[in-house]
Every structure is written in structure tokens, then in C-alpha cells.
1. Identify all residues within region 133-158 that are in a loop (DSSP other than H, G, I, E, B) and farther than 21 Å from M194 by Cβ; write none if there are none.
2. For region 408-441, enumerate the residues that are more than 14 Å from M459 (Cβ to Cβ), among the aliphatic types (A, V, I, L, M) and surrounded by 17 or more Cβ atoms within 10 Å (Cβ to Cβ).
3. Which residues, taken from region 370-407, are under 18 Å from K454 (Cα atoms) and either buried (at least 23 other Cβ atoms within 10 Å of the Cβ) or not assigned by TED's automatic domain parsing to the domain that holds D434 (or both)?
4. Of the residues G95, G64, only one is at pLDDT 95 or above, buried (at least 22 other Cβ atoms within 10 Å of the Cβ), assigned to a loop (DSSP other than H, G, I, E, B) and outside the structural domain of L182 (by TED's automatic domain parsing); which?
5. Just for region 98-112: of the residues that are within 18 Å of the chain's Cα centre (by Cα) and part of a strand (DSSP E or B), which one is farthest from E450 (Cα to Cα)?
6. Among the listed residues L240, L232, L247, identify the single one that is assigned to a strand (DSSP E or B) and under 16 Å from V155 (Cβ atoms).
7. Is it the case that region 100-115 has a residue that's surrounded by fewer than 17 Cβ atoms within 10 Å (Cβ to Cβ) and assigned by TED's automatic domain parsing to the domain that holds Y461?
8. If I go through region 432-459 residue by residue, how many of them are touching a Ser or Thr at 6+ places or on another chain (Cβ under 7 Å) and either modelled with pLDDT under 95 or part of a helix (DSSP H, G or I) (or both)?
Amino acid sequence: MTDNKEQHPAAKLAYRRQNAWDRMGGGEKNAAVAFCEEYKKFLGSAKTEREAVAAAQAYLAGAGFRPLEETSMLRPGDKVYTLNRRKTLIAAVIGKNPAAHGFNIIGAHLDSPRLDLKPQPLYEEDGFALLKTHYYGGIKKYQWLSVPLALHGVVIKGDGSAISVVIGEKPGEPVFTVSDLLPHLAKDQMDKKMADAVPGESLNVLAGGIPVGTEELKDRFKLAVLERLNKLYGIVEEDLISAEIELVPAWLPNDVGLDGSFIGGYGQDDRVCAYTSLRALAEISVPERTALVVLADKEEIGSTGNTGMESSFFVNATAEIVSRCVAGYNELILRRVLSYSRALSADVNSGLDPNYSDAYEKSNAARLGGGVVLTKYTGSRGKYATSDAHAEVMADIRRLFNGAGVVWQTGELGKVDQGGGGTIAHIMAAHGMDVLDCGVALLGMHSTFEIASKADIYMTYKGYKAFLLS
């Protein structure tokens, strides 16, 4: 009599998804949880790109990295970093192989969707002092209503001095918010499409309600806020014109679920990939090929500007590194280094959400807990604006991760005609290098409280480290 549990030989030919928790032993599970505790500290202290660069710089300095500008020659094992306007960072560990053979590169980004203060933000109306904002990146505007917000940023005063501003993070400190319309009066609002229900110009932040002076004084609610800002930071209203102040959720990252298997927090797109790639790089001693991590800005708005990946900073910094490694440096050598390099575009993907499963094609959707996600292409609809990694690249990373015990999965960004998105992969590929998108699956991407699996975060770190060492 045949055992019904016996598998047909052909069953071995089929690909089956794996759960990372099933693949990890007790020791590795503990390591994953411990790793994520450190990640939560980083995520909670780095809510803007400037803060993320400062945190990354401090971490690298503690791990033995030196400023690139302080070196004249680089040898295998040397660890260096360089900054660009406190918003972009590149770090490298010099490898044994000649630089001309190419680098192993991981590229992530530090910016996240948010609300930015306008250059002239402060006004008063109907007994309120309010702040005007301009949203940054792709957001669902309604998600930013009725949540506690904190002000983070820098003000450059008229004399050129810089003042760091953080309000709303300390216990007992006041927070800010964008008010919502009560449901009793929201009939017209509720009849609108979700995209139109909250106009961008309505994302005005409640800033104060106690006036100064007597009733004859004009703009006394606004003046009260200016008076308080002056006492706290010594700034005047004109200084806000030369300021970069962002409104971000005031809460800290936290475990999610009774078992604490997930992390919820703001800015995991893409600081989860930034942190895991930094940790991987810092733990490398002398790799075979030079290992390089670039943490860029402006990805959420097209990678533009002189701190975005489209700028010359990446190429210039790479040239500075190569020139310290190669005698007789010239531009042709740099071009060869870039074209012989291989890269992981370290960015997040969308995890299958059972509450919104109709937006996904399940066979090709990533799952939280399924390991690090390999994304062959991004783009939208007809793969527009993607680099589309070659089959050989996918095979190389599959083989590498399988050999290193890295649990991985593949993923697409929703159904073909549903929408889509992009990363910096196509920008890196423009230099001739092979690139594959590789990162963590999230629920609620671009929301104020994104969800990631601790197992996936750890497997992403493990995969990045294997790649940098290969």
C-alpha cells in the first residue's frame, strides 16, 4: 500500500517559498532580534536625511573609518568615508584586488516622504497660529492628518550660523498636528476621491493658540510663536526663509504583534536598507574587491539635485578613491572601474498585504518573513524607467545567497497595470555596471508607520555582507 505522504519525484523540481523563521535556528533567531534592537535605535534617532548622515558618520568613525579627505594613498583594508552637504555619504573598505577590476557597490537612500515647511510658513487665522507645508515624495495625504508630528531641521541665520531644531521628541514636549474634519461635517469630503479629499494646500500645521499683547496688536498669535522660537533658538521670521525644517511622525519605532516579529516605524523606506548595508560594510576587514556603500538623498523625488544619485557626487567620490589606489590614474581607469563593478540597489519592495490582496499578483509578490527580496525590475506598467537586471545577475546572486545561507525571495511592485515605482538602479546601471534591486519587504510603504519583518531585516544584512565579501 502506498504512503499518501510520499512525494512524487517530480515534486523536487518545483520551487517553494521559504519562511526565514523556519530556516533559522535558535541562535540565529536571537541574533536577528538583537540586530533589530540596534536598528530600532538608529531608526528612531535618524528621522531626516541630515540626522541619518550624522548617525552613520558617528557609527563609521567608531568602526575605524577615516575621512577620505585625510588620506593620500589607500591600501587593502583601509576604511574611509566622505560626505556631501551632510545629506549624502559614501563609505568604502579597500579590497585586495586591483581597483581596476571593479567594486562591489550597495546603493541605498536616506530621504523619506514627509511634510516640509514652506519658506514663509507662519501665519495666523481665526485665532490659530499655523504653519504652511509642502509635502515631499509620494504620500497618501490623509495619513498625515490627526497624528502627532515633530519638527526636525536646520535654520541658517542671517549671520551664517546654523541652528539645529528638534521639537516634539522629548517626553512632555509639545507636538504638532494637521487637524482633520470631524465625520459629522464631512459629507462633501467623504464623497470625494481619496486623492482629492485632502488638498495639498490644506496640510497646515497647528502651531499655537495663545496670543501676545492686547487685542489691538495685529497678528498676535503669529507673533507669540515667533517670540517663543526666538527665545528657544534666537531666530527671527526671516531666518525661516533659509531653513530646512521637516515634519515627521513624533513616535518611536516599536515592535508589532504579540510575538514582536515585526517592527513598525517611520522612514523604513529606505533607512532599513541604509542601516543593514552600513552594518555589513563596517564588519568587513579586507574584502577581495573594494566594498563601497553609497547613501543618497532625493530618491523619493527623482534623485535630482546635487545630493541625489543623478548628481556627480557618486562618480567624483569614486574617482577620489580610485586615484588613491591606482598609480597613473586617469579617466579611462575610472570608467573601467565603474563598468566592471557590480551593484545592489538597496531599496524596499511591497510585501503582500492580505487586507489589500487584490492589488498584488500573488505568485510574484514578496511576503513578510520570506527573506530579503530580489527585484529583477521595478518601473511601472511596461517596465518604464527600470534597469531590468540580466538573468546572469539574478543567477549570480541566487548562487551567492544560497551558499551563504541567506533566505531570499523575489517580488514585484504590485500587478502589472496597478501602478509601480522606481529606485536608483537605473542610475547606477548607466555607468555600465550590473545592478539588481535587493531589499526588505514592507507593509504600508510611504505611510507614517511602515511595517517590516525582523527576519527579513536580518537576512538583508546577511545578504549584503555576503555580497560585499564576494
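1. Step one: of region 133-158, the residues in a loop (DSSP other than H, G, I, E, B) are 137-140, 145-148, 157-158.
Residues satisfying the conditions are P148, K157, G158.
2. L413, I424, A425, I427, M428, A429, M433, V435, L436
3. G370, G371, V372, V373, L374, V406, V407
4. Working: G64 fails: buried (at least 22 other Cβ atoms within 10 Å of the Cβ).
Result: G95 is the single residue among G95, G64 that is at pLDDT 95 or above, buried (at least 22 other Cβ atoms within 10 Å of the Cβ), assigned to a loop (DSSP other than H, G, I, E, B) and outside the structural domain of L182 (by TED's automatic domain parsing).
5. I105
6. Numbers: L240 fails: assigned to a strand (DSSP E or B); L232 fails: assigned to a strand (DSSP E or B).
Criteria check complete, one pass: L247.
7. Yes, there is a match, as at least one residue in region 100-115 is surrounded by fewer than 17 Cβ atoms within 10 Å (Cβ to Cβ) and assigned by TED's automatic domain parsing to the domain that holds Y461.
8. 2
The values are calculated or read from the model by the stated rules, or taken from the named source; none is laboratory data. On a predicted model such as this, the values are computed, not experimentally measured, just so you know. All Cβ positions, glycine included, derive from the backbone under ideal geometry; neighbour counts span all protein chains shown.
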